[in-house]
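Novice: Dropping the structure in here first, questions after.
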Amino acid sequence: MSSTSEPIRLEDKIRDIPDFPQKGVLFKDITPLLQDAAAYRAAMERLAAHYAGAGIQTVVGIESRGFILGAPLAYLLNCGFVPVRKFGKLPAQTVSVEYALEYGTNVVEVHRDAIKPGERVLIVDDLLATGGTVLAAIELIEELGGHIAGIAFLVELSFLKGREHLKGHDVFALIKY
């Protein structure tokens, strides 16, 4: 991007899908942003710039859209990547936690040997809504002895007040609604 061009407005690349995954929910679809190479690159570079120099040792991405953001962010931060997966998807010994969603419950897990005690971890997901999913990831990482150095999102739905459940953590979102 040249210095004379306007910065990319990432929020312009998010589309609303009404009544998905159920009636009454307005889904924020990030796929148009991911399809736009310049917007995707800008999002990743902005996230990486925010955490440059923070001593991040591992990026943890939450299934599945957290993988799309977390893996390239780990690359840019020159550290490893750890997936937090839905129950039954990881082949080695795991730790798991059940949590509430806006519209149900779920179970996530991580390999027992994925995080070393004291390791500085950045959790990444696409969207912060009520905070249930990221709270589950925090619980897993802390159970393994990891230190949560930050929590990053592409999108935050501020009106759902998920950030309030993450007090005491450095929470960063590129786009807020």
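The values are calculated or read from the model by the stated rules, or taken from the named source; none is laboratory data. Computed from a prediction, not measured in an experiment: that's the story for all the values here. Backbone-built Cβ (ideal geometry, glycine too); neighbour counts: all protein chains shown. The protein model used for the area step is the full one, side chains on, heavy atoms only, and it has no ligands, DNA or RNA in it. Shrake-Rupley method; radii C 1.70, N 1.55, O 1.52, S 1.80 Å.
Novice: Quick one: length gained pulling Q93 to R46 fully straight, 0.36 nm per residue minus the C-alpha distance?
Specialist: Stretched out fully, the Q93 to R46 stretch lengthens by 13.5 nm.
Novice: Right, another one. First select every other residue whose beta carbon is under 15 angstrom from the beta carbon of L140; then total the charges, Lys and Arg +1, Asp and Glu -1.
Specialist: -4
Novice: Given a 1.4 angstrom probe, what's the average accessible area per residue across the chain, in square angstrom?
Specialist: On the way: 9140 Å² over 177 residues.
Spelled out: the 1.4 Å probe surface of the chain, per residue, equals 52 Å².
Novice: Okay, next question. Using amide H atoms built 1.01 Å from N in the peptide plane, name the residues 5+ places from K176, or on other chains, whose amide H lies under 5 Å from its own.
Specialist: E156
Novice: To the nearest 20 debye, what is the magnitude of the charge dipole of the chain about its Cα centre, counting +1 on the Cβ of each Lys and Arg and -1 on the Cβ of each Asp and Glu?
Specialist: 120
Novice: Take the Cα of D170, step 7 Å along the line toward its Cβ, and report every residue of region 106-128 whose backbone nitrogen sits under 15 Å from that point.
Specialist: What the label zone holds, given the 15 Å backbone N cut-off, is 119-124.
Novice: While we're here: Only bridges with both residues in the chain count here: give the DSSP antiparallel percent, nearest 5.
Specialist: 40
Novice: Could you give me the ³J(HN,Hα) list for region 135-141, computed from phi with Karplus coefficients 6.51, -1.76, 1.60 and θ = phi - 60°, whole Hz, x at Gly and Pro?
Specialist: 4, 5, 5, 4, 4, 5, 5
Novice: Could you tell me what percent of the accessible area of region 18-177 is made up of carbon and sulfur, with a 1.4 Å probe and every protein chain present?
Specialist: 52
Novice: Within region 24-103, report the chymotrypsin sites (Phe, Trp or Tyr not before Pro) that DSSP leaves as loop and that have at most 10 other Cβ atoms within 10 Å.
Specialist: Y103
Novice: In terms of solvent-accessible area of protein heavy atoms at a 1.4 angstrom probe, what is the ranking of T105, T94, T58, highest value first?
Specialist: Reading off the accessible areas and sorting them downward yields T105, T94, T58.
Novice: Label-point separation (nm) for F20 and E142, each offset 7 Å from Cα along Cα-to-Cβ?
Specialist: About 3.4 nm, to one decimal.
Novice: Give me the percent relative contact order of region 1-100, please, defined on Cα pairs under 8 angstrom at least 6 residues apart.
Specialist: Relative contact order, region 1-100: 17 percent.
Novice: With a cap of 15 neighbouring Cβ atoms within 10 Å, and only residues DSSP puts in a loop, list the trypsin sites (Lys or Arg not before Pro) found in region 1-110.
Specialist: R9, K23, K89
Novice: So how exposed is H50, as accessible area in Å² (1.4 Å probe, rounded to 10)?
Specialist: Probe radius 1.4 Å; accessible area of H50 about 80 Å².
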